[in-house]
1. Over the chain, what is the relative contact order in percent, taking alpha-carbon pairs closer than 8 angstrom and at least six residues apart?
2. Mind checking which helices in the chain clear 15 Å along their axis (Cα) and have mean Kyte-Doolittle hydropathy of 1.6 or more, DSSP H runs only?
3. Roughly how many percent of the accessible protein surface of the chain is carbon and sulfur, given a 1.4 Å probe and a whole-percent answer?
4. Using a basic spin-label model with each label point 7 Å from the Cα along Cα→Cβ, how many nm lie between ALA218 and PHE119?
5. Would you mind getting me the FRET efficiency between ILE296 and ALA63? Use the beta-carbon distance for r and R0 = 22 Å, nearest 0.05.
6. Accessible area per residue of the stretch 19-145 at 1.4 Å probe, in Å²?
7. Let's test the formula: R0 of 45 Å, r as the Cβ-Cβ distance of ILE40 and LEU91. What FRET efficiency results, to the nearest 0.05?
8. Take the Cβ-Cβ distance between GLU152 and ILE210 as r, set R0 to 45 Å, and report the resulting FRET efficiency rounded to the nearest 0.05.
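The values are calculated or read from the model by the stated rules, or taken from the named source; none is laboratory data. Since this is a predicted model, take the numbers as computed values, not measurements. As a convention, Cβ positions derive from the backbone with ideal geometry for all residues, glycine included, and neighbour counts pool all protein chains shown. Calculation scope for accessible area: heavy atoms of the full protein, side chains included, ligands and nucleic acids excluded. Shrake-Rupley method; radii C 1.70, N 1.55, O 1.52, S 1.80 Å.
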Amino acid sequence: MTITASTTTVAPATARTPAPKAPGKLRAWATRAPLLPALIFMVVVTQLPFVATLVISFFDWNALYPDARSFAGLDNYSEVLTDPDLRKSVLTTIVLTATVVLASLVIGLGLALLLDRKFRGRGMVRTLLIAPFLLVPVAAALLWKHVLYNPEYGLFNGLLHWFGGDGAAQPDWVSNTPLLAIEASLIWQWTPFMMLILLAGLQSRDSELIEAARMDGAGNWQIFRHLTLPHLRRYLELGALLGSIYIVQNFDAVFTITSGGLGTANLPYTVYQSFYQAHENGLASAAGVLVVIGSIIIATFALRVVSSLFREEAARS
């Protein structure tokens, strides 16, 4: 008796294998991991104090009477916007910032055009022109207050005496023109910053286009007006925005040269007065928050200008 075994073929069950993790995500996290300590440090150092300042700005809080602290809502902000002294400091801040930025841009543009030409000793001249921007702001303000402005031994009055003799006027520059004295020191310090930005813009021009314009008979003024100035528009905007961000927050020159007197108190100095002299923590915090908000608005426009510059450079390349 023969038994024939029938073989039945059974298809093996397909095992469900887990989907592998995307290597791109792991690579991204591995790239970001070394930056996490720096990010945490920045949050702790910058954002937490700002949040504390924002909370304090909603309280009526005088440091001399800590037990009388109470919630004030938006009263501090209302006082900042309606107080005559604070409004005057806002106007002073606007005038100071606009004057310094515009003058620095104009002088910086002239120096950038000069340094864009080839001449003997250009490297040394560039280094000397950059030097004022590298000084500590307080040291620069002290230099102008004592070395240049001092009515007894300052350089300005010394030059007047040298050219005019014993009968030459010896003005007290800080007392006679206090705001102009601060503006001159800031223009001297910030002109190199504008010069570097505009010089970078000049050196990114298309040399072939300039040469073609010269071959067509265009003069220096025509090239500057129709080619150079339109090309520098973005760089001028960038310099104005970045300069405004820093000069709006300037405290050193006002504190060192005039101590906020003679109508030169800007908003940062007023915040200092409210906090350290009047001990009004809530009011000073509200004013500080408004300064930060204004700086963020200006910085937003600055970042847009920088992004457009990068896009234009990428399109050219």
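1. 26 percent
2. The qualifying helices are 84-115.
3. Carbon and sulfur together cover 67 percent of it.
4. Here the modelled spin labels are 2.4 nm apart.
5. So, using R0 = 22 Å, E works out to roughly 0.20.
6. Roughly 70 Å² per residue, with all protein chains present.
7. 0.65
8. It comes to 0.30.
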